[in-house]
Amino acid sequence: MKRQTKETRVRELDEILKANDTFILFDYKKMSVAQSVTLRKSLRKQASGLKMVKNRLALRSLKSEFPDALRGAFRQPTALAYTADDPIRLAKTIKDFSVQNKVLVVKGGVVQGQWFGAERFDEITKLSGRTALLGRIGAMMAAPLSGFLRAFRAPLGNLGVLMGQLKDKKQA
């Protein structure tokens with residue numbers, strides 16, 4: 001490979017790593033071209049991407065801000081799935097594809113700046129997605145206010161019931 005081509009690929013990978021705060025590294029040596037195309041399409045639907053990388057060129061593009069453990073993941077054939085949106089959805093897509101096709105071996109990755117090893121990948125796939133987590137946070141923030149409103153409304157409701165009973169008693 002020519003030096004100019006190598007420099008271009010290093011720059012491309014550097015831009016990908018700067019633009020996306022989440023990426024997953026995996027071994028793809030058993031994956032066929034058709035499976036690769038299928039995975040790319042499913043990742044593109046969710047605003048993610050897939051890049052097959054040469055390990056030496058990838059190590060050149062890694063800056064000092066990335067952990068040293070990440071450098072150790074660049075052995076054997078390596079692919080890089082990346083996203084700037086929902087990291088949980090990316091992890092679940094990779095996991096589903098791996099379970100269906102039994103061709104991927106996850107090496108690790110970075111989720112929003114935090115390194116995780118292959119052993120922690122299943123933990124990430126078990127998390128709820130971004131929208132579900134935001135919904136839970138919203139519900140937890142609204143719970144004290146709704147409890148206060150129920151407590152505030154209860155005496156008024158009871159007063160209405162008592163007034164109705166008093167009216168019935170006077171009529172009888």
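Every number here is computed from the coordinates shown, using simple stated rules; none is lab data. If you're wondering where the values come from, they're calculated on a predicted model, not measured in any experiment. Don't worry about glycine lacking a Cβ; one is built from the backbone with ideal geometry, like all the others, and counts go over all protein chains shown.
Between their Cα atoms, which of LYS6/LYS126; LYS6/LYS29; LYS6/LYS92; LYS2/LYS92 are more than 30 Å away from each other?
Those over the limit are LYS6/LYS126; LYS6/LYS92; LYS2/LYS92.
If you take mean projected area of the Cα convex hull in nm² from the coordinates, which of (i) 10.2; (ii) 15.9; (iii) 14.3 do you get?
(ii)
Please give the charge dipole size of segment 36-162, origin at the Cα centre, charges +1 on K and R Cβ atoms and -1 on D and E Cβ atoms. Round to the nearest 20 debye.
520
Please identify every one of the trypsin sites (Lys or Arg not before Pro) in segment 124-171 that sits in a loop by DSSP and has no more than 15 other beta carbons within 10 Å of its own beta carbon.
LYS126
From the helices alone, meaning DSSP H stretches of at least four residues, give me the mean residue ellipticity at 222 nm for the chain, per-run term -39500 (n - 2.57), in deg cm²/dmol to the nearest 500.
It lands at -20000 deg cm²/dmol.
Quick one: length gained pulling THR5 to THR38 fully straight, 0.36 nm per residue minus the C-alpha distance?
That works out to 9.2 nm of additional length.
Which residue, ILE94, ILE16, ILE137, tops the fluctuation ranking in a GNM of the chain built on C-alpha contacts under 10 Å?
Largest GNM mean-square fluctuation: ILE137.
If the label point is 7 Å along Cα→Cβ of LYS29, which residues in segment 84-125 have backbone nitrogen under 18 Å from it?
102-108, 118
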